[in-house]
Amino acid sequence: MRFTLYFTAQPNLPAGWEVVRVVELQQMVQESDTSPLPARSGNVIELTPADVPEMSAVYAATRPGRTLCPRIQKIGLFLGIREGDKLAAMGGLRLHIAGYREITTVATLPEFEGRGFATAIVRALIERIRLKGERPFLTVNKDNARAIGIYRRLGFVERTMLYSQTIRHLPA
């Protein structure tokens, strides 16, 4: 069995555990709910369970070697943008703690990058979070300069570095 844990500093694991995957993430929060948001581009739609196969394809194309949980929509709303009959981009809501809501799984198929789809989806998610009087936050791979730039333009600032480690217990 594998577990993914998040730390604010590089952990020292006890004997008997193996690190399977390590990702350094920048946690970002939107500091002010008065930040002007850029105009939307693309027709943002609400995704349903019927969209999960296409969502999985977008996820796999943008996160090689990883798979999307088929029940992901149980954790929160997901939005997307279609280009013709194809799901081109998506993003959703996940962790909910008092006063805050996490934006997650923002992804655009490579052939549709540069059209403002990720910005439009994140903007729509921010609007929904703000309507509930909450503040959006998210995590992004520290090496994903393009996404970090989008999030900064949407009023997000870096809060802290997180270390995501997927670990498993070695058989005795």
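The values are calculated or read from the model by the stated rules, or taken from the named source; none is laboratory data. For clarity, every value in this text was computed on a predicted model and none was experimentally measured. Because the Cβ atoms are built from the backbone with ideal geometry, glycine has one as well, and the counts that use them run over all protein chains shown. Heavy atoms of the whole protein, side chains included, go into the accessibility calculation; ligands, DNA and RNA do not. Shrake-Rupley method; radii C 1.70, N 1.55, O 1.52, S 1.80 Å.
Taking the DSSP bridge list for the chain and keeping only pairs wholly inside it, about 95 percent are antiparallel.
The stretch 60-86 and the stretch 117-142 have Cα centres separated by 16 Å.
Summary of packing: across the peptides 6-19, 127-140, 110-123, the per-residue average of other C-beta atoms within 10 Å ranks them, highest first, as 110-123, 127-140, 6-19. Residues whose amide H falls under 5 Å from that of residue 77, counting only those 5 or more places apart or on a different chain, are 93, with hydrogens built in the peptide plane.
Heavy-atom accessible area, probed at 1.4 angstrom with all protein chains present, ranks 78, 3 as 3, 78, highest first.
Note on exposure: 25, 77 ranked by accessible area (1.4 Å probe, complete protein assembly) read 77, 25, with the most exposed listed first. How much of the accessible area of the chain, in percent, comes from carbon and sulfur atoms when a 1.4 Å probe is used? Roughly 52 percent, rounded to a whole number.
Calculate for the chain the 222 nm mean residue ellipticity that helices alone would give, adding -39,500 (n - 2.57) per DSSP H run of length 4 or more and normalising by residue count, nearest 500 deg cm²/dmol.
Helix-only estimate at 222 nm: -6500 deg cm²/dmol.
With the simple model of a label 7 Å out from the Cα in the direction of the Cβ, residue 4 to residue 163 spans 1.8 nm. Accessible surface calculations at 1.4 Å, restricted to protein heavy atoms, place the chain at 56 Å² per residue. Segment residue 95..residue 56, full-extension length gain: 12.1 nm, with 0.36 nm per residue of separation and the alpha-carbon distance subtracted. Stretched out straight at 0.36 nm per residue, the stretch from residue 172 to residue 20 would grow longer than its current Cα-Cα span by 53.0 nm.
So what's the chain giving for Cα Rg divided by 2.2 N^0.38 Å, two decimals? If you can, show how the numbers build up before the last one.
Details: Rg = 16.7 Å, N = 172, 2.2 N^0.38 = 15.6 Å.
Relative to the rule-of-thumb radius for its length, the chain sits at 1.08.
For the stretch 112-124, backbone phi angles converted through the Karplus equation (6.51, -1.76, 1.60; θ = phi - 60°) give residue-by-residue couplings of 10, 5, x, 9, x, 5, 4, 4, 5, 5, 4, 4, 5 Hz, Gly and Pro being listed as x.
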